[in-house]
1. If R0 is 51 Å, what FRET efficiency do you get for LYS176 and SER402 from their C-beta distance, rounded to 0.05?
2. Tell me the label-point distance for the pair ASP238, THR327, using the 7 Å Cα-to-Cβ offset, in nm and rounded to one decimal.
3. What distance in nm separates the simple spin-label points at ALA306 and LYS106, each placed 7 Å from Cα in the Cβ direction?
4. Using a simple spin-label model with points 7 Å from Cα along the Cα→Cβ vector, what separation in nm is obtained for GLU350 and ARG167?
5. Whole angstrom only: what separates the Cα centroid of the range 134-182 from the Cα centroid of the range 202-256?
6. Pairs to check: LYS3/LYS305; LYS335/LYS367; LYS26/LYS219; LYS14/LYS333; LYS91/LYS163. Give those whose C-alpha atoms are more than 24 Å from each other in this structure.
7. Which is farthest toward the positive dipole end of the range 232-418 among ALA406, SER418, PRO292, measuring Cα position about the Cα centre, with Cβ charges +1 (Lys, Arg) and -1 (Asp, Glu)?
8. Considering the options LEU188, VAL83, VAL347, tell which one lies farthest towards the positive end of the dipole of the chain, charges being +1 on Lys and Arg and -1 on Asp and Glu at the Cβ, about the Cα centre.
Amino acid sequence: MLKVINPATEALVKELETDSVDSLKKRYDRAKLAQVEWAKRPFKERAQILSKFSELLLADVDRVAKDQSLETGKPISQAKGEVKSTPNRVKYFVENFESTLAPIEKESPGMREVVRYEPLGVIVNISAWNYPWFVGVNVFAPALLAGNAVLYKPSEFSPLTGKNIERLLHEAGVPKDCFQAVIGDGALGAALLDLPINGVFFTGSYGTGAKIAQKVASKMIRIQLELGGKDPVYICDDVDVKPVAEGTADGAFYNNGQSCCSVERIYVHEKVYDKYVENFVNTVKGFKMGDPLDESTYLGPLTRKAQIQVLKSQIQDAVKKGAKILTGGNEVKGKPGYFEPTVLVNVTNEMEVMREESFGPVIGIQKVSSDEEALALMNDTDYGLTAGVYTRDEKRAEKMLSQLNAGSAYWNCCDRVSPELPWTGRKHSGIGSTLSRLGIMAFVQPKGYHLRKP
Ligand code: NAD
């Protein structure tokens, strides 16, 4: 049994039956059969079913957002925001699917050449807990639209959301065997990879992503990895400081800093540094911490208690090397799982807090004296998910954005994802893309037809 524990109260929310290696094999066999029939259906039918899923989800926001909040500690307003935005992504995929995969035909004397696309088959999706609706829909919507069957393993920290996704897809009309949520921990995730699957789509940490890549290497199957980040922003000397400080503080602390694209490092031009830091710290001190089920709560507990040790060790390392804590720095007394929002200054890129993903409410702010220095520091990382520049000067921004080695480049914004744009990481932030047209292509395989007329 998997015990679902509320990180805000440590109370047992529910116990769920877990899968076993044997049950996985049976699930796979059923999925393989069901996929063939699912792929034969006209695209319009599959699209109608996915659109129905969105309708059902919107009618069920309160219930599913509460489940998500109970299992992860995500503030209820943020959980509702995520759930309500999930149908926008379904809509993007439904509306752009056919045009993205329209057959390409070329006629030359005696010869016709055609490209058509086929589903991959049975794919595995191993997922993270921090945005389980978003990272889920990025995979199941295009995968199902393309005619694949999906074995979906939600994180052991968000299995109720995994079950809700499964329930609503089935209610909408996805055949039961075409989408199956499997419940279990990392060992079960590893066992899924032993099945004769046709693709693996993973969202999670670099460490787990690397293990998965090694494990499936000899299978020669489609693999996509959406991994962590150490995402920097740079604040130039020409900005309106207060709103930029407020916006970037939100980018660092929303969802308790547990977003792959959270702002994780801040570089500020020396001319606006003092004012920026003052406004940033004031904003952070105004964040309301409390019961995740209270609509006005902005900061809840960390989802995984183990992360507290990581945060403490990053802070200790930084202080030992000369950093100063301006606010926070400790666990909240009498509230297990809660960590004070923490702002560090006098940080350098030699400190863990500026190199390793914090994935929590801790941020380092560093003073720089030029765009060139900022650019070098921003690119000095093993990760490459997002990076942003704040300036009034579009040309200055464009010049910097083009030189940033990251999959998403932000001008005057941060912590942002759009269905229209590829969501993609470089270096240790992963391989492949979800969302956008590339996130549709990811779930099909092309076949080139060479057709010579007799
Ligand atoms: P994690 O790597 O601990 O776990 C992710 C999933 O992998 C879970 O379902 C887990 O059960 C499973 N797993 C663990 N070991 C496994 C193994 N050996 N084989 C197969 N599966 C295994 O990550 P997490 O704590 O769930 O998520 C946080 C991480 O995810 C952060 O690094 C965050 O940045 C990243 N993330 C990235 C994106 C993105 O789009 N790039 C989005 C969300 C989260």
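Rule-based calculations on the coordinates, nothing more; no lab input. Here the structure is a predicted model, which is why all the values come from computation and not from measurement. We place every Cβ from the backbone using ideal geometry, glycine too, and count neighbours over all the protein chains shown.
1. 0.60
2. Calculated label separation equals 3.0 nm.
3. Once both label points are built, they end up 5.1 nm from each other.
4. Result for the modelled spin labels: 5.4 nm.
5. Answer, in whole Å: 23.
6. Among LYS3/LYS305; LYS335/LYS367; LYS26/LYS219; LYS14/LYS333; LYS91/LYS163, the Cα-Cα distance tops 24 Å for LYS335/LYS367; LYS14/LYS333.
7. The residue sitting farthest along the positive end of the dipole is PRO292.
8. It is LEU188, whose Cα lies furthest towards the positive end.
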